[in-house]
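Every number here is computed from the coordinates shown, using simple stated rules; none is lab data. All figures in this text were calculated on a predicted structure; none of them were measured in a lab. Here Cβ is always computed from backbone atoms with ideal geometry, including for glycine, and neighbour counts include all displayed protein chains.
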Amino acid sequence: MDSGIAITAEKLVDVTIKKACKIRIDNQEIIKLVGISSKDIAFKATDNISYWLTFSQNSVFYCKICNKGPFTKKGLYLHLSRLHRYEIKALLEEEIKREVRTAL
């Protein structure tokens, strides 16, 4: 059985990738995924992880995990979701655990 943190991290993978690719997401989308009580932890975790996934130069995106690029927004989204999904999930799990520990 997966823990609640693993399930939450799996739900947040796509949102984190969208944030990293600078694709607009609605805050209600995150609230629908994790609930209102966990929204602050989810916002912090997705913001912290998405910062470390990509970088851009002259409106062209690159992957920080494998240093591949250049990508468009959509191309980078597809790259991250197909090749690095499990790494991002693992990063999210660790970040959520850290956020929960600091909240308690």
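Cβ neighbours within 10 Å, averaged per peptide: list 8-18, 22-32 in order, most packed at the top.
Top to bottom by mean Cβ count within 10 Å: 8-18, 22-32.
Neighbouring Cβ atoms within 10 Å as the yardstick, rank Y62, Y77, Y86, Y51 fewest first.
Y86, Y51, Y62, Y77
For K22 and Q57, calculate 0.36 nm times their separation in residues minus their Cα-Cα distance, and state this gained length in nm to one decimal.
Fully extending the segment from K22 to Q57 adds 11.3 nm.
About the Cα centre of the chain, how large is the charge dipole given +1 on each Lys and Arg Cβ and -1 on each Asp and Glu Cβ? Please answer in debye to the nearest 20.
Magnitude of the dipole: close to 380 debye.
With Kirkwood radius over Cα pairs in Å in mind, check [x] 13.8; [y] 16.8; [z] 14.3 and report the label derived from this structure.
Here Kirkwood radius over Cα pairs in Å agrees with entry [x].
What FRET efficiency comes out for V100 versus K11 if R0 is 22 angstrom and r is the Cβ-Cβ distance? Round to the nearest 0.05.
Once the sixth-power term is evaluated, E becomes 0.90.
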